[in-house]
Amino acid sequence: MVKKIINAKVLDVDTGTHTLSSVYVDEGKVSQIIKQDSMIVEDADLDLSGKFLSPGFIDTHSHLVMYSNFRRQLNCSPENVTSIEDIISQFKERKDEILRDGWLRGYGYNEFELKEQRHPNRFDLDRVSTDIPIYIQHSSAHMGAVNTKALEIMGLALDSEDPEGGFFERDEDGLVNGVLFEFPALDLAKAVLPEIDAETLSDDIKGGVKDYQSRGITSASEMCVGLLNGINDYKAALKYLEGPQNFRIRFAIDYKLLLNDPLFKGEDAHSLREKFEELSKGYSTLAGAKFFNDGSIQLHTASLREPYYDGTPSPKTQFAFVELKELFIHFQDLGYPLITHANGDQAGEDVIKAYIETKDHKQTDIKHRVEHLQIASREDIKLMTENNIGGSFFINHIYYFGDIHKSKFLGPERVKHLEPVKTAEEEGMTFTIHSDCPVTDISPLSSIRFAVERQTRNGDTLGDEEKLSRLEAYKKMTIDAAKLNGTEDTEGSITVGKYADFVVLDDNPFTDGCELSDELVLMTMVNGDIVYEK
Ligand SMILES: [Zn+2]
């Protein structure tokens, strides 16, 4: 454990300044910060020789459990593949290595980033194998594709009708071609995927945590226990927390699991919070109950107030308004903070109104949250601010999906306010920015850069008026994230009494010339323990 750090340029995330200092750590917390006039030579556990000491990054919306498992499948994201041909050849090449429980699995493809500009289908995947079932998941996690063997195992006839709330892509003859849209269709595949047992998954989590730490993250939010593998996500999380801890995680749990799984019978938010905190010796806790009120803009499944730019009409929200209110009342009565996915502005509006109309049932000081909020209006944001509702913007969409949102889904006007972070800043809303990893890459410094530059992959800039300053954006990954979580007394800045959760940076992130990327991360510390070193 590091107890004394010298020659650190300590970043102040309130003012954007830095001060050369010695930092003392006692029992995992900052006990003293002493200003230095110049570099010193003294006995110390760590001499940073003038490198920058930042509070550790706080991720407020990602899927650590899913990511931890996916990193052991074929990575079909644009970082690793460029075409469907590429997916096929990598699967063939690495078959033996990737095969797990009789299935081949991949994750993260995005049809717009594939040379063929379409989804891979069963005819493509059958070229990898006709005996081994194959499942690959779209980057949105709301859709996927399977080969013919998998369809067989699913018991899905090629002339099946679409399920309520989802649909199958079809070939020229109208037959199912293996591409599955939205959870009602996707769940048919998920139902036959081999269960990932809790033991294996808890091991996977250890690997995922290491990756997060290498990006400077000291505290993460798992935004849907149950999304990967149902109740085994929960069992794996508990198993992981039984081991030695060096990372903080807040767990949001799928409301359907909470409602239906016998393991949650008799539990409420209070008892679950206690369970997480006791098991993890204070490192982890409950974030809340998680709901989804729509899908994704890039799949035409987000619920928008205006039709899509390409003329596609907007789908309805996932829940009818009355149903949403009933669910919110039920879970607030059990003490849960509420966390609801709403990519589209219609989906968001309903959630905000349902929070407001049921607010007498709220029992917790932690803010209810709306997630993604990609095209929320100033009025939506005002309502949230006035009613103490927090939120997080899916800022990585600017870079990864901004071009296609401009040309196809939202059009040139709406994308100017895609992820309206400056509007939210001006209105004084409590909010953060996120990657939704594994939907996009986990990298706090990149997310900060996207909020500052608003540049797309093709180099377009979307909405100068919504740019945040470097300091404003940096706060979203540190002190403002702590405010959203209700943990600003213990993390988010380098302050006496707070956890000694730090990231050492190679350069000053507040200076215009400094390129904001993971390259800056030299070391990560949690409770004064070095958990990553470059
Ligand atoms: Zn998410």
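The values are calculated or read from the model by the stated rules, or taken from the named source; none is laboratory data. Note that the structure is predicted; figures quoted are calculated from it, not measured. Methodologically, a virtual Cβ is constructed for each residue, glycine included, from the backbone with ideal geometry; neighbour enumeration extends over all protein chains shown. The protein model used for the area step is the full one, side chains on, heavy atoms only, and it has no ligands, DNA or RNA in it. Shrake-Rupley method; radii C 1.70, N 1.55, O 1.52, S 1.80 Å.
Data for the structure
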quantity	calculated
Extension reserve of the ARG100-ASP162 stretch, reckoned as 0.36 nm per residue once the Cα distance is removed	19.4 nm
Virtual spin-label span in nm between PHE321 and ASP26, 7 Å along Cα→Cβ	5.7
Cα pair count fraction exceeding 36 Å, expressed as % - the stretch 198-485	13
DSSP beta bridges in the chain [antiparallel fraction, %, rounded to 5]	50
The stretch 195-243: equivalent-ellipsoid semi-axes (sqrt of 5 x gyration tensor eigenvalues, Cα, Å)	19, 12, 9
Whole-Å semi-axes of the ellipsoid equivalent to the stretch 315-369 (Cα gyration tensor, √5λ, descending)	19, 11, 9
Theoretical FRET efficiency, 1/(1+(r/R0)^6), r = Cβ-Cβ of LYS534 and LEU175, R0 45 Å, to 0.05	0.30
Whether the stretch 368-451 is rounded, prolate or oblate, judged on the alpha carbon gyration tensor where a/c under 1.5 counts as rounded	oblate
Angle between the chain longest axis and helix 84-98 axis [Cα atoms, degrees, rounded to 10]	70
Order of exposure, largest accessible area first, which applies to ASP464, ASP512 with probe 1.4 Å	ASP512, ASP464
Mean Cβ count within 10 Å, highest first, over the residues of peptides 314-326, 197-209, 365-377	365-377, 197-209, 314-326
Relative compactness, the stretch 64-190, computed as alpha-carbon Rg over 2.2 N^0.38 Å	0.97
Beta bridge orientation in the stretch 1-117: antiparallel %, DSSP, nearest 5	70
Estimated inter-spin distance, ASP507 and ILE356, nm [label 7 Å along Cα→Cβ]	4.4
Per-q log10 I(q)/I(0), the chain, q = 0.09, 0.10 Å⁻¹ (Debye; single scatterer per alpha-carbon; no solvent)	-0.64, -0.80
Length added when fully stretched, ALA191-ASP489, from 0.36 nm per residue minus Cα-Cα	103.0 nm
Residues LEU263 and GLU79, FRET efficiency given R0 of 30 Å [Cβ-Cβ distance, rounded to 0.05]	0.25
Normalised contact order of the stretch 64-190, rounded percent, pairs of Cα under 8 Å and 6 or more residues apart	20
Protection proxy ranking of 328-335, 172-179, 471-478 - average other beta-carbon atoms within 10 Å, highest first	471-478, 328-335, 172-179
Net lengthening on full extension, SER89/HIS270 (0.36 nm per residue, minus Cα-Cα)	60.2 nm
Modelled FRET efficiency - R0 35 Å, THR17 with GLN455, Cβ distances, 0.05 increments	0.85
Average Cα contact separation per residue, the stretch 198-485, under 8 Å, 6 or more apart, as relative contact order %	13
Cα-based Rg of the stretch 415-534 normalised by 2.2 N^0.38 Å, two decimals	1.10
Three semi-axes of the equivalent ellipsoid, the stretch 122-174, Cα gyration tensor, whole Å, largest first	18, 15, 11
Apportionment of accessible area to carbon and sulfur, the chain, percent (1.4 Å)	46
Spin-label model distance (nm) - SER214 vs MET39, 7 Å beyond Cα toward Cβ	3.0
Isotropically averaged projected area of the stretch 129-251, using the convex hull of Cα atoms (one quarter of hull area), nm²	9.1
Highest average packing first - 343-356, 19-32, Cβ atoms within 10 Å	343-356, 19-32
Rule-of-thumb Rg ratio for the stretch 1-131 [Cα; 2.2 N^0.38 Å; N residues]	1.75
